[in-house]
Every structure is written in C-alpha cells, then in structure tokens.
Amino acid sequence: MRDAAPMKSNPILSGFNPDPSIVSTPAGYYVATSSFEYLPGLPIYHSRDLENWQLVGHVAMREQQVQLADVPTPGGVWAPTLRFRDGVFYLIVSVFLGGRGCVLFTATDPAGPWSDGTVIEAVDGIDPDLAWDEQGVAYVTFARHPDAIQQVRVDLATGVALEKPRLLWSGSGLFAPEGPHLYQRGDWWYLIAAEGGTDRGHAVTVARSRRPDGPFDPAPHNPILTAAGTGAPVQNTGHADLFELADGGTGMVLLGVRPVGLTQAFSPLGRETFLTTVDWIDGWPHPRTPQLAGTRSERLEYHFTNGAGLEDPAWIAVRRLPAEFAARTPDGLVLKGDGNSLDSPRPSLLAQRQRHIGIECRALLDVSSGTGGLAVRNAEDNWFGIEAKQDGDVIRVTARAVVASFERTWDAVVSHGDVELAIVTTPPSRDFSAGAVGGDRIRLLVRASGADESGEGLLLAELDGRHWAFETAKAFTGRTVGVYAVEGEVLVRRLRYTGEG
C-alpha cells in the first residue's frame with residue numbers, strides 16, 4: 001500500500017468521531033459520525049476543501065427522534081450512512097440496544113432541521129447503508145451478527161420492506177463483517193465492509209457484483225486496508241466510506257485511533273475520522289495508508305457571565321439535551337443537579353469532545369448553592385474529575401478517579417469564594433523508565449478565588465491515562481470533558497479549553 005498525499009491535518013475530525021459517512025455536494029463535503037448515548041446526536045460537519053471542517057448541526061435535536069433515555073452504554077446511535085440525492089439529504093442509522101431501531105431521517109439543509117424519522121422495522125441489525133439502483137429502487141444493506149451482511153429493498157416513504165431481508169455477503173473470512181456501503185461505479189457494484197472488529201484487527205474489505213443484490217465476489221487483495229500487525233501511528237483503521245473528489249479521483253473517510261507511548265497500547269481520544277485517497281487498479285480500489293498529520297491547536301474561552309457560550313453546537317449531554325439542566329443567567333451558566341453524579345445514566349454534565357491529547361481545561365465555578373465540578377467522561381464506570389461544595393466558610397474539593405468498580409478520591413480544602421478547577425493532560429514520556437508504556441499524564445488541580453494565577457494551582461492527583469483510554473474503557477466513544485452539577489445549582493462563570501497535538 002502506498003502512503004496518502006500529505007494533509008495539513010489528519011485526523012480531519014479529532015476527538016470521538018467514529019464510523020464516518022460522507023457525501024460530496026455542490027456546496028462541499030458533509031460528514032456524519034456516530035454519537036452513541038449523547039445528545040444532540042449525529043453531528044454533521046461541513047468542508048469545502050477537505051482541510052477545514054465546521055460542525056454545522058446535528059440530526060437528532062429532539063430526544064424523540066432516537067429515544068435514548070433507557071439505552072445502556074455502549075448502545076445508542078451507531079454508524080450512520082449519509083447520502084445526497086435530488087437535492088435531499090438522507091441519513092439512515094440504527095439506534096442499538098433499545099431506542100427506535102433502524103431510522104431514516106431526511107432534510108433539505110444538512111444543518112437542519114431534520115425530519116422526525118421513519119422507522120424501518122425489517123432492518124433488525126446495525127450499520128445500515130442506503131443506495132439506489134438506476135430505476136430508483138432503494139436498497140438498505142446492513143450487518144446482522146452472526147449472519148454477516150444482509151440486504152432488503154425498502155419503500156423509503158413508508159419504511160415498509162418490499163421483500164424479506166436476505167444474506168448478501170459473508171465477508172472475506174475475517175471476524176464480524178459489518179459497516180457495509182454499496183456503490184455503483186461503471187458496470188460494477190462495489191460493497192465495502194469493515195471486518196476484524198473495531199480494535200487492532202480492524203480492516204477494510206471489498207467485493208463486487210454486476211447487480212446491487214449480488215452475488216458478490218471478494219477482491220483478491222483483501223483486506224484492502226488495515227494497520228493490523230504494523231507500527232503505523234494510526235491504528236484500528238476501518239469502517240470506510242468512499243466519495244468522489246473534485247478532480248474526479250476517489251477519496252475515503254475511515255475511523256482510526258492515535259495510540260500514545262512506545263508500545264502504542266492506549267488511545268486517549270477514542271476513534272477519530274481520518275481521510276485518505278484511493279487508486280483504482282484492474283477495477284479494484286486500492287486505498288493509500290492514511291497519514292497522521294498535525295492536529296490544529298485550539299484555544300476556546302466561554303465567558304458565561306454575559307449570557308453567551310451555550311449556543312456553541314459542540315455542547316453535548318448524556319441521554320438528554322443540555323437545555324434540560326443548563327440555563328443562561330446574567331451571572332453565568334446555571335447547571336441544575338438532581339442528585340446524580342457521573343456514575344448515573346443521566347448526569348447533569350455539559351461536555352464537549354476532548355479533541356487533543358494535550359489539553360488544559362479550567363472552569364471557574366460558584367458552588368455556594370450546589371455541588372459540582374469539572375470532569376472527563378468515557379462511561380458511567382470510567383471517568384475522572386474534581387468536585388467542589390461549600391462547607392461553612394470553606395470549600396471542600398474532592399478529586400475522583402473511577403475505573404470499573406474501583407474508585408479513588410483525594411480531598412482538599414480551599415478558601416471561600418469562586419473556585420477554579422483544572423484538568424491538564426500531556427502525552428507520555430518517550431523514556432521507558434519514565435512511563436512510556438503507560439498512557440497520557442493527567443493532573444487534577446484546584447485554585448482558590450484570588451489566588452496567584454501565574455501558577456497551575458494545588459495538585460490534587462496525578463493519574464496514568466491508560467485507565468481512561470479507548471482500549472480499557474470499551475465504551476465505543478472517547479473522552480468528553482465538561483462541567484457538571486450533582487445537587488442544587490452550580491454557577492459556571494468561565495470555561496477555558498486549550499488543546500495541543
């Protein structure tokens with residue numbers, strides 16, 4: 001495999017953005033990714049040049065569209081397919097382990113609003129794809145373990161199947177064929193699939209047929225792309241989607257992870273979206289190895305005291321919309337707690353994707369009327385953070401680290417007033433004797449109101465990030481970082497996020 005042409009930034013969508021699907025339109029390129037238990041769900045990103053991407057909205061802006069309230073982790077909104085036809089955007093997705101099942105959404109503007117969604121009951125698997133033949137008949141191709149890739153023709157207006165689902169392709173022989181996408185190119189129909197699981201064995205495979213309903217013959221060079229068994233800086237490559245480039249060539253988006261340390265064992269940010277190009281040789285696609293390029297630095301500052309900041313579409317919450325517990329006030333952003341911490345399925349957590357391996361996130365809080373703090377979450381049983389509450393004339397601060405059923409805490413007391421909580425992460429050392437086999441370095445800090453801002457603050461705890469990585473959390477998502485309330489009302493005056501590399 002040849003390396004892809006260099007890009008200014010790859011991954012193109014950093015932080016947890018797995019299972020990407022892309023369309024090329026006259027207005028540019030649009031990508032949708034999985035969102036699992038978070039709302040708003042199904043983010044839509046836009047770019048005109050494949051280099052600069054902007055989050056323009058979400059498909060699921062209403063909980064009723066996906067019905068996540070009782071979906072357990074790691075269920076939820078899995079693996080969408082985004083398509084564009086005759087001026088209409090279509091997004092088909094499965095809400096797994098509960099929810100609405102397979103749902104088709106439509107919109108004329110990808111930024112929204114999107115339709116309430118049409119349920120396709122015949123599709124009882126995951127990772128649905130949508131394609132049309134030359135007569136306009138719609139084919140939904142999906143994965144259903146242990147029966148591999150299946151397909152059914154559907155009336156999209158009603159969601160009613162026109163036949164019983166049938167086996168389409170059993171894959172190339174690797175584990176768990178899934179993530180299918182069907183395309184017509186000339187006289188051939190190509191079926192792209194993901195195989196090998198979504199960990200280090202992940203791979204892209206392909207088969208082709210003269211008909212959209214098969215039979216499909218596998219490529220002689222399968223898998224056509226994988227990082228398995230290599231030391232490539234981008235691992236777990238798979239779940240790909242093809243698209244047409246402006247110059248007539250073929251591009252590919254796919255998921256991958258960026259493991260840190262000399263052993264490449266731990267990926268702090270989860271599965272991200274990468275881009276590469278594809279060569280066609282003897283009628284078969286040959287993707288180039290995606291190259292890791294510099295991630296853009298970010299410096300964000302939200303001054304909630306002027307009533308702004310909450311309008312950023314990057315804010316997400318767990319199984320409910322942020323507006324259910326977050327409200328603007330002249331004094332800052334109020335988060336209302338309901339007695340639930342981050343070990344709850346529905347915490348009052350206002351978060352964004354952690355998009356950089358090295359971050360400094362600082363939140364200035366008033367906890368005179370409630371208990372809350374700053375945290376990083378992978379799942380209910382995999383998170384860390386700092387919590388503060390007023391106790392008489394002092395503020396009691398607790399740093400907390402949770403891994404599976406194990407929890408460790410560190411306590412401190414600071415003076416009364418606003419309190420600044422900070423989470424700082426840095427890549428691991430390259431020195432074996434200094435922790436190169438572990439994860440990123442995580443520091444949890446606190447600074448009292450009026451303290452000298454030239455220093456970092458009081459160090460509460462230092463953690464090894466291997467315990468909060470994709471490989472250990474197994475939540476299918478990645479880290480999200482944000483502010484939360486447990487009880488009462490927590491006033492967030494300011495939040496700063498700085499990300500590097």
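Each reported figure results from applying straightforward, stated rules to the coordinates on display, with no laboratory input. As the structure is a prediction and not an experimental result, all values here were calculated from the model. So basically every Cβ, Gly included, is an ideal-geometry build from the backbone, and we count neighbours across all protein chains shown.
How much net charge surrounds residue 413 when only the other residues with a Cβ under 9 Å from the Cβ of residue 413 are counted, with Lys and Arg +1 and Asp and Glu -1?
Values: positive: 396; negative: 391, 411.
Around residue 413, the charge tally is -1.
About the Cα centre, and with charges only on the beta carbon of Lys, Arg (+1) and Asp, Glu (-1), how big is the dipole of region 21-287? Nearest 20 debye, please.
Details: 16 positive and 29 negative charges, 48 e Å.
Its charge dipole is roughly 220 debye.
Could you work out the Rg to Rh ratio of region 437-501, with Rh taken as the Kirkwood radius (inverse of the mean 1/r over all Cα pairs)?
Rg divided by Rh gives 1.01.
I need to check one value: relative contact order of region 1-102, counting alpha carbon pairs closer than 8 Å and at least 6 residues apart, in percent.
Details: 206 pairs, mean separation 23.8, N = 102.
Relative contact order of region 1-102: 23 percent.
Measuring from label point to label point, each 7 Å out along Cα→Cβ, what is the residue 279 to residue 300 span in nm?
3.9
Quick one: compute a quarter of the convex hull surface over the Cα atoms of region 21-287 and quote it in nm². Mind dumping the intermediate values first?
On the way: hull surface 55.1 nm².
That works out to 13.8 nm², a quarter of the Cα hull's surface.
By counting other Cβ atoms within 10 Å of each Cβ, how are 8, 474 ranked from fewest to most? The partial results should precede the final answer.
On the way: 8 12, 474 15.
Fewest to most other Cβ atoms nearby, the residues stand as 8, 474.
Going from the alpha-carbon gyration tensor of region 273-358, what semi-axes, largest first and in whole Å, does one get by taking the root of 5 times each eigenvalue?
Result for region 273-358: semi-axes of 40, 17, 12 Å.
Can you report the principal axis dimensions of region 366-471 using only the alpha carbons, biggest first, rounded to whole angstrom?
Principal-axis extents of the Cα atoms in region 366-471, largest first: 45, 33, 16 Å.
Order of 282-295, 460-473 by packing, highest average Cβ count within 10 Å first? Write out the running numbers ahead of the final one.
Values: 282-295: 17.4, 460-473: 21.2.
By packing density, highest mean first, the sequence is 460-473, 282-295.
Just need log10 I(q)/I(0) for the chain at q = 0.06, 0.07, 0.11 Å⁻¹, Debye formula, equal scatterers on the alpha-carbon atoms, no solvent, rounded to two decimals.
Here log10 of I(q) over I(0) equals -0.27, -0.37, -0.89.
Assign unit charges at the C-beta atoms only (+1 for Lys and Arg, -1 for Asp and Glu), then state the dipole size of region 374-434 relative to its Cα centre in Debye, rounded to the nearest 20. Write down the numbers at each step before the final one.
Values: 6 positive and 10 negative charges, 42 e Å.
Dipole magnitude for region 374-434 comes out near 200 debye.
Taking Rh as the Kirkwood radius computed over C-alpha pairs, what is the Stokes-Einstein D of region 85-164 at 4 °C in a medium of viscosity 1.567 mPa s, expressed in µm² per second?
Values: Rh = 13.0 Å.
Reported coefficient: 100 µm²/s.
Mind ordering 324-333, 478-487 by average Cβ neighbours within 10 Å, highest first? Show your work: numbers first, answer last.
Details: 324-333: 16.8, 478-487: 25.0.
By packing density, highest mean first, the sequence is 478-487, 324-333.
With runs of 4+ DSSP H residues as the only contributors, calculate the mean residue ellipticity of the chain at 222 nm using -39,500 (n - 2.57) per run, divided by the residue total and rounded to the nearest 500. Don't skip to the answer; put the middle values down first.
Working: 1 runs with 4 residues, N = 501.
After summing the helix terms and dividing by the residues of the chain, the value is 0 deg cm²/dmol.
If you split all Cα-Cα distances of region 298-500 into 5 Å bins from zero, what percentages do you get per bin, shortest first?
All Cα pairs considered, the percentages come to 1, 8, 16, 22, 22, 17, 9, 4, 1, 0, 0.
Give, as a single signed number, the net charge of other residues whose beta carbon lies under 12 Å from the beta carbon of residue 177, with Lys and Arg counted +1 and Asp and Glu -1.
Numbers: positive: 144; negative: 127, 147, 178, 195.
Taking every other residue near residue 177 into account, the sum is -3.
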